[in-house]
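Heads up: the structure comes next, in structure tokens.
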Amino acid sequence: MTPVLSSTSRAAGKRVAVVGGGIIGLGIAWEAIQRGHQVTVFDPAPASGATYAAAGMLAPVSELHYQEEHLLALTVESARRYPALMSRLEAGGRTTGYQRTQTIAVGADAADRQVLADLKQAQVRQGLTVEDMTTRQARAEEPMLGPGLSAAFRIPGDRQVDPRLLSRVLIDDVRAGGMLEAQSVESLAYDDGNRTRVAGVVLVDGTHVEADETVIANGLQSPEIKDLPATLSLPVRPVYGDVLRLRVPRHLQPLLTATVRGVIRGRSVYLVPRQDGSVVVGATQREGGTTGVSAGGVYELLRDAQTIVPAVAELEFEEATCRARPGTPDNAPLLGRPRGVEGLICATGFFRHGVLLMPVTASICNDLIDGGPADPAYRAFLPDRFQGETA
Ligand code: GLY
């Protein structure tokens, strides 16, 4: 392994080490390259964790969860940035799978209808747009919807992207404009004995890599980095999810044009139609139990998806994937510079929102890399806010 970001190569921009090549690390690296920095991403298997499983819903409205309202300013701002960013990334005929199609939310029984109506009230209170529809209207727009639905709402502003295509585009650009090293980071390195000035990282093979700014963006693995500053514990926990990929035979295409989210007898499920004729069905959520694909999870997803679209039973089963989302005690990211530490930025703990939050996170982190002050608007996400607590 050749030493990278050496102290002799400071001609242009800052030397930036990004630990983790998931969608967040790649997005930060991509923007840092655009801003003229010398960037290296360290990841032995880029885009193979939560990014690989993610359905890619860009859904600040339909993913608004009770008690997570503090996230809304961040999710709405990030969704706003998506179209311009995708236009740049898709220049030259590349594709990220970004689609402006709407979302329809449906319920099965009366209790589901009430859950969706209550959620709509909460969404509208936050200034978000959710429209009533009859199930007849929903079926006129999406003829494959089943007869057993009792409620439908339109969420016109939520979008989708394909995280696998998007990460491929980002990886290509990071390789072209920076470096992507298939190495794990063992620990942080410091300029001083008090661990207040991070000077880079040490790789598992012992290589010391100097950097002006080090960004921790490796999700669930972030607390495993040795020699974190004493003021930083990074309390992330795994929240496992199963997600399915099904192929729609030609005679059933298009199965759906909108993303459809359901509350089916109290359980959540979503169907995300892709341009390539597949559909993503997700996702379970568990904090204990199996770390591999759960048979019960697959059963529930198929059963509930089939209630929404009976033709799901006729699709080809392509893939079942399980990955862990990095949850935090308040399910908001650990984002920004830990107080009292120079040369270090955290961007981890994105839970269900990593793909959606990539653009705004890339911007926040790069403003810090460029030497800007911490934006008070994002104080609620400071990475050391749980100091002294456990996940
Ligand atoms: N963002 C959707 C999920 O985590 O299932």
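Just a few scattered comments:
- Candidates Asp109, Asp132, Asp158, Asp118: the one that is closer than 30 Å to Val76 by Cα and touching a residue at least 60 places away in the same chain (Cβ under 8 Å) is Asp158.
- Residue match in region 206-213 (condition: of a type in the set (A, V, I, L, M, F, W, C) and touching a residue at least 60 places away in the same chain (Cβ under 8 Å)): yes
- Residue in region 261-276 that is more than 16 Å from the ligand (Cβ to nearest atom), hydrophobic (A, V, I, L, M, F, W, C) and either over 24 Å from Gln99 (Cα atoms) or at pLDDT below 95 (or both) present: no
- Some residue of region 333-347 being part of a helix (DSSP H, G or I) and more than 26 Å from Gly49 (Cα to Cα): no
- Taken together, the criteria place Ala84 among residues that are surrounded by fewer than 21 Cβ atoms within 10 Å (Cβ to Cβ), farther than 21 Å from Thr328 by Cβ, hydrophobic (A, V, I, L, M, F, W, C) and away from the ligand (no atom under 11 Å from the Cβ).
- Test: Val204 is at pLDDT 95 or above and either under 23 Å from Gly336 (Cα atoms) or under 18 Å from the mean Cα position of the chain (by Cα) (or both): no
- Tallying residues that are within 16 Å of the ligand (Cβ to nearest atom) and either open to solvent by 10 Å² or more (accessible area, probe 1.4 Å) or not β-branched (Val, Ile, Thr) (or both) within region 343-369 yields 11.
- When residues of region 18-52 are limited to those that are away from the ligand (no atom under 16 Å from the Cβ) and of a type in the set (Ser, Thr, Tyr), the one farthest from Ser268 (Cα to Cα): Thr40
- Residue under evaluation Arg175, criteria (1) in contact (Cβ under 8 Å) with a residue 12 or more places away in the chain; (2) over 29 Å from Ile308 (Cα atoms); (3) surrounded by fewer than 19 Cβ atoms within 10 Å (Cβ to Cβ), criterion not met: (1)
- Screening Leu232 against (1) surrounded by fewer than 20 Cβ atoms within 10 Å (Cβ to Cβ); (2) at pLDDT below 95 leaves a single unmet condition, (1).
- Boolean, Ala55 is within 16 Å of the ligand (Cβ to nearest atom) and either open to solvent by less than 20 Å² (accessible area, probe 1.4 Å) or within 13 Å of the chain's Cα centre (by Cα) (or both): yes
- Residue-level analysis places Thr75 outside the set of residues that are more than 20 Å from Gln34 (Cβ to Cβ) and not in a helix (DSSP H, G or I).
- Test: residue in region 134-145 that is in a loop (DSSP other than H, G, I, E, B) and within 15 Å of the ligand (Cβ to nearest atom): no
- Test: residue in region 321-333 that is open to solvent by 70 Å² or more (accessible area, probe 1.4 Å), over 27 Å from Asp118 (Cα atoms) and touching a Leu at 6+ places or on another chain (Cβ under 9 Å): no
- Checking Tyr190 against (1) closer than 30 Å to Pro46 by Cβ; (2) surrounded by 20 or more Cβ atoms within 10 Å (Cβ to Cβ); (3) aromatic (Phe, Trp, Tyr), the condition it does not meet: (2)
The values are calculated or read from the model by the stated rules, or taken from the named source; none is laboratory data. These numbers were taken from a predicted model, which means no experiment stands behind them. Positions of Cβ are generated from backbone atoms using ideal geometry, with glycine treated the same way; all protein chains shown enter the neighbour counts. Surface areas here come from the heavy atoms of the whole protein model, side chains and all, with no ligands, DNA or RNA. Shrake-Rupley method; radii C 1.70, N 1.55, O 1.52, S 1.80 Å.
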